[in-house]
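This report refers to the structure that appears directly beneath it.
We did not get these values from a lab; they are worked out from the coordinates using the rules stated. Being a predicted model, the structure only gives us computed values, none of them experimental. Here the Cβ positions follow ideal geometry from the backbone for every residue, glycine too, while neighbour counts run over all protein chains shown.
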Amino acid sequence: MERIKSFEEFVINEAGSSLGLLGDILNISGDDNGPSDTTRSGGDMPRSGEDTSGSADSYTPTTSYKQTPGNDDFVLYMQHQQGVAGAAGIVKAFSGTGKMHPETVKTKSGTKYANLVKNIPSDRPQVKKDIIAALDKGDQKTAAALFLDVWKEKWFSKQAQAKTAINSPKNSVVKDAITKASAKYKVPFDFAITVANIESSLNPNAGNATYKGLFAMQPNSNYGGVTTPMGNKWNDPYVNAENGVKLLKNSITQLKKSLGNNWASLKVGSWANSLA
């Protein structure tokens, strides 16, 4: 299966308002305190002593969100975060048509269901607890709903930020690089810059020992069927945008195939439906 990233391997750095998913995921409303900022250095990892164990006895979710209109294009980003198989499993679990991939619900480094729990910002500890409690009860549908709701919130917040940041003079080369790659691979510019903003804050020099550049990719790998021969040019905006947007197109196409009939339940843009 495709590699599923862990929380430390990508950037989240902007608070935002809360949203629903695929219509009304849960009948919930309430605060609009968005997720806190973090970086690829692991700034939003669970704090020392933080309780993320949850409890099967406190299974009923108590987290509340304000629902805001928006499409489901954010789900297409999930394949970049969770891998195609991981993203497809989350959507199927939410829809009640399948189960999450085993890697998604593994315990890693002492954290239950790490690929979900470690991807929830630290200022939402109750969401972490609710996800763990739901999964302890075997209710993947509720866990998926909570996880996706947070990420719909984050997506639109980061998209608004990206639309402003990309027009900064310091990002002129990055803007040109992503514009050209987006046109070539028929991936909307706004979608591509949102992914780049989440992954690197539009900084081609961002990264760690493994994942580098605008789209946080391995410089030399074959991930999702796309070879990324960036080599020592991984921080060149044009090289990185070319490889990153190509990977997005290819992975979204794979996600569409993996979801089968579930694809139709997503309210994604017509661009995604038209990808070969």
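General remarks:
- Placing +1 on each Lys and Arg Cβ and -1 on each Asp and Glu Cβ, with no other charges, gives region 140-198 a dipole about its Cα centre of roughly 140 debye.
- Farthest towards the positive end of the charge dipole of region 162-274, among the residues 241, 189, 210, is the Cα of 189, using unit charges on the Cβ of Lys, Arg, Asp and Glu.
- Cα-centred dipole magnitude for region 162-274, charges only on beta-carbon of K, R (+1) and D, E (-1), debye, nearest 20: 240 debye
- Relative contact order (percent, whole number), region 162-274, Cα cutoff 8 Å, 6+ residue spacing: 23 percent
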